[in-house]
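Trainee: Supplied in structure tokens, the structure appears directly below.
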Amino acid sequence: MTKTVAIIGYSGHGHGAVDILQAAGFSIEVYCDNEPKENNPYGLQYLGSENDPAVQEKLKAYDYFIGVGNNNLLRRKIYEKMAPILGEPVNAIHPSAVISPTVKLKYGHYIAANVAVNALTELGMTAVCNTGAVIEHGCIIGDFTFIAPGAVLCGDVTIGDNTFVGANSVIRQGVVVGKNVTIGAGSVILQDIPDNVKIVGNPARVISP
């Protein structure tokens, strides 16, 4: 039986996660963060910091979701700390998302409204697919990635771990994007991208190593 979900990280992206989880039929009553939030639109109870061992014991009564958005490395850090204690996080998948039954999902995904994830795609751990993103057939999306609103991956695209794909960017079919890459909003990616770079433009160009 599914338990009530605790949100770890409760700001803008966390608010979006609450909305998606509620739309998917979950109950959310509590959150963890470094300190209580003045902006608490869902009226959740503050449990404390997830780094507190006493709070970690309380969290064992809940399923959980990591509500951290485009800071991929922070989301990874929280996952690597909490998964050995609490197990795997739940997936937050909006009911309007269209996901092929052949897609391979791991855990902790944020899949927002009107996202399409098509045949034989693989989504890595805690991947974020934000509003209206299109991920075509055969893509491989690494762990702790962020696909921003309106981005389009045109099939057989590979995205490395910890990479950020900016809003309304387009990646040509078959392109391989490395790890720890930042792709600026509106970029058009026509060729493979190495690890650890920032890239912007149409056609995209590397702006920093």
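The values are calculated or read from the model by the stated rules, or taken from the named source; none is laboratory data. Predicted model only: the values in this text are computed from it and were never measured. Cβ placement follows ideal geometry from the backbone for every residue including glycine, while neighbour counts extend to all protein chains displayed.
Trainee: So how many residues does the range 129-176 have that are under 18 Å from Gln191 (Cα atoms) and in contact with a Pro (Cβ under 8 Å, 6 or more places away or on another chain)?
Mentor: Residues meeting the conditions: 1.
Trainee: Could you list, in sequence order, the residues of the range 101-125 that are closer than 19 Å to His13 by Cβ and among the hydroxyl-bearing types (Ser, Thr, Tyr)?
Mentor: Selection gives Tyr107, Tyr110.
Trainee: Give the residues of the range 1-45 that are free of Cβ contacts under 8 Å to residues at least 24 places away in the same chain and part of a helix (DSSP H, G or I), sorted by residue number. Please lay out each step first, then the result.
Mentor: Taking the range 1-45 first, the residues free of Cβ contacts under 8 Å to residues at least 24 places away in the same chain are 1, 19, 22, 25, 27, 34-36, 38, 43, 45.
Correct list: Asp19, Gln22.
Trainee: Residues of the range 58-103 being outside any loop (DSSP other than H, G, I, E, B) and more than 22 Å from Phe26 (Cβ to Cβ), which ones?
Mentor: Going through the range 58-103, the residues outside any loop (DSSP other than H, G, I, E, B) turn out to be 58-59, 63-66, 72-86, 92-93, 98-99.
Asn72, Leu73, Leu74, Arg76, Lys77, Glu80, Lys81, Pro84, listed by residue number.
Trainee: If you don't mind, there's one more thing I want to ask. Is it the case that Glu136 is more than 11 Å from the chain's Cα centre (by Cα), surrounded by fewer than 21 Cβ atoms within 10 Å (Cβ to Cβ) and more than 22 Å from Asp19 (Cα to Cα)? Walk me through it before giving the result.
Mentor: On the way: more than 11 Å from the chain's Cα centre (by Cα): yes; surrounded by fewer than 21 Cβ atoms within 10 Å (Cβ to Cβ): yes; more than 22 Å from Asp19 (Cα to Cα): yes.
The answer is yes for Glu136.
Trainee: List the pairs whose first member sits in the range 88-110 and is not assigned by TED's automatic domain parsing to the domain that holds Ser27, whose second member is among the basic types (Lys, Arg) and surrounded by fewer than 17 Cβ atoms within 10 Å (Cβ to Cβ), and whose Cβ atoms are under 7 Å apart, counting only residues at least 6 apart or on separate chains?
Mentor: If the second residue must be among the basic types (Lys, Arg) and surrounded by fewer than 17 Cβ atoms within 10 Å (Cβ to Cβ), no pairs are left.
Trainee: Moving on to the next point. Of (1) in contact with a helix residue (DSSP H, G or I) (Cβ under 9 Å, 6 or more places away or on another chain); (2) of a type in the set (Val, Ile, Thr); (3) under 30 Å from Thr163 (Cβ atoms), Ile20 satisfies all except one. Which?
Mentor: Of the numbered conditions (1) in contact with a helix residue (DSSP H, G or I) (Cβ under 9 Å, 6 or more places away or on another chain); (2) of a type in the set (Val, Ile, Thr); (3) under 30 Å from Thr163 (Cβ atoms), the odd one out for Ile20 is (1).
Trainee: Quick check: is even one residue across the range 49-65 surrounded by 20 or more Cβ atoms within 10 Å (Cβ to Cβ), under 30 Å from Glu136 (Cα atoms) and in contact with a Leu (Cβ under 7 Å, 6 or more places away or on another chain)? Step through it out loud before you land on a result.
Mentor: Kept after step one, since they are surrounded by 20 or more Cβ atoms within 10 Å (Cβ to Cβ), are these residues of the range 49-65: 50, 59, 62, 64-65.
The next check asks that each one be under 30 Å from Glu136 (Cα atoms); those that pass are 64-65.
Then drop every residue that is not in contact with a Leu (Cβ under 7 Å, 6 or more places away or on another chain), which leaves 64-65.
Yes: one or more hits.
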